[in-house]
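A.B. asks: Structure provided below as structure tokens; questions to follow.
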Amino acid sequence: MCGRFALVVERRILELLFQLELLEELGARYNIAPSELIPAVCRRLEGNNELIRLRWGLVPSWAQGKHREFKLINVRAETALSKFGGAFRRRRVLLPASGFYEWRKEGKTKQPYYMQLRDGRPFAFGGLYENNLRDRALPGSCAILTTAANSLIEPVHQRMPFIVPQELYPLWLDPAAPPEQLRQILRPFPAEQMELYPVSRAVNNPAFDHPDCVREES
């Protein structure tokens, strides 16, 4: 599962990483929560990458009536193709991040942990999105794919977000990529390339968006 994440990265680094041009800086975010608008990288018909904003909380295309209020922040990678076939085939995105949070039960409380790449570089979650069918002028919605946890994260949580290896960004965004080829890359990110550490419980409050969120707590 992934219910909170951070994105603290310079504009130029994002442009180089995702091969696009940004018109403005993205402000540093230390505690991004569901229902917020988040940046997403998609592939346009002309073949260029573009940064758009999507609402975190996927409203499936098949949801009708009262179920239109049904929002998923995560989608299991193992069943993404069977349950969300249209989005998996045609509406895949990269969701930039610099780290994410998970909670482990310790005694009567839950301790938050921050997880990032060992070298501190930004990365991208693999995501699916849907357009806003009620009003095309409004932002679409998205969810983060999850896989089984790697050996580093498993003691904290049994699931982790699907982190797309950088060399596979073009494949993930390619609208012509065969679904079966995509399914083969839906694996946990290597544990040896990641690190985690405990952080303040202040991150439990989604309104608290401060550098202290990612500061290691001794």
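Coordinate-derived values only; no laboratory data. Keep in mind that what you see is a predicted model, and the values were worked out from it rather than measured. Using ideal geometry, Cβ is built from the backbone for each residue, glycine included, and neighbour counts are taken over all protein chains shown.
A.B. asks: Need the full-extension length gain, Arg53 to Arg187, defined as separation in residues times 0.36 nm minus the C-alpha distance. One decimal, nm.
C.D. replies: Full extension from Arg53 to Arg187 adds 45.6 nm.
A.B. asks: Would you mind calculating the relative contact order of the range 67-162 from Cα pairs under 8 angstrom and at least 6 residues apart, reporting the percent as a whole number?
C.D. replies: Relative contact order, the range 67-162: 30 percent.
A.B. asks: Still on this structure: Compute the distance from the alpha-carbon center of the range 73-117 to that of the range 147-218, in whole Å.
C.D. replies: Measuring centre to centre over Cα atoms gives 7 Å.
A.B. asks: Something else about it: Modelling each spin label as a point 7 Å along the Cα-to-Cβ direction, I'd like the Ala202/Glu180 distance in nm, to one decimal.
C.D. replies: Label-label distance for Ala202 and Glu180, simple model: 5.2 nm.
A.B. asks: Just give me a number: lysine pairs in the chain, eight or more positions apart or cross-chain, with C-alpha atoms less than 27 Å apart.
C.D. replies: Eligible lysine pairs with Cα atoms under 27 Å apart amount to 4.
A.B. asks: If the chain between Glu36 and Gln111 were fully stretched, how many nm would it gain, using 0.36 nm times the residue separation less the Cα-Cα distance?
C.D. replies: Separation in residues times 0.36 nm, less the Cα-Cα distance, equals 24.6 nm.
A.B. asks: Output the relative contact order of the chain, whole-number percent, from Cα pairs under 8 angstrom with separation of 6+ residues.
C.D. replies: Rounded, it is 23 percent for the chain.
A.B. asks: Right, another one. Can you work out the FRET efficiency for the pair Arg89 and Asp212, with r the C-beta to C-beta distance and R0 = 45 Å, to the nearest 0.05?
C.D. replies: Step by step, r from the Cβ atoms, then E = 0.65.
A.B. asks: Report the paramagnetic label zone for Met1: residues of the range 201-218 whose backbone N is under 17 Å from a point 7 Å from Cα along the Cα-to-Cβ axis.
C.D. replies: 203-206
A.B. asks: Can you give the three extents of the C-alpha atoms in the range 8-109 along their principal axes, from longest to shortest, in whole Å?
C.D. replies: Dimensions of the range 8-109 along the principal axes of its Cα atoms: 43, 39, 25 Å.
A.B. asks: Taking log10 I(q)/I(0) by the Debye sum over Cα atoms at q = 0.11, 0.18 Å⁻¹ as the quantity of interest, determine which of (i) -0.57, -1.31; (ii) -0.71, -1.11; (iii) -0.51, -1.43 was computed from the displayed structure.
C.D. replies: The value computed from this structure is option (iii).
A.B. asks: Using modelled backbone amide H atoms (1.01 Å from N, in-plane), which distant-in-sequence or interchain residues come within less than 5 Å of Asn74's amide H?
C.D. replies: Residues meeting the amide H criterion: Ile144.
A.B. asks: For Arg44 and Ser82 in the same chain, what is the full-extension length gain: residue separation times 0.36 nm, less their Cα-Cα distance, in nm?
C.D. replies: Net length gain for the segment: 11.2 nm.
A.B. asks: Then there is this: Identify which of Trp172, Trp103, Trp56 has the largest mean-square fluctuation in a Gaussian network model of the chain, with springs joining Cα atoms closer than 10 Å.
C.D. replies: Maximum fluctuation in the GNM of the chain, among the listed residues, is at Trp103.
A.B. asks: With +1 on each Lys and Arg Cβ and -1 on each Asp and Glu Cβ, and nothing else charged, work out how big the dipole of the chain is about its Cα centre, in Debye to the nearest 20.
C.D. replies: 920 debye
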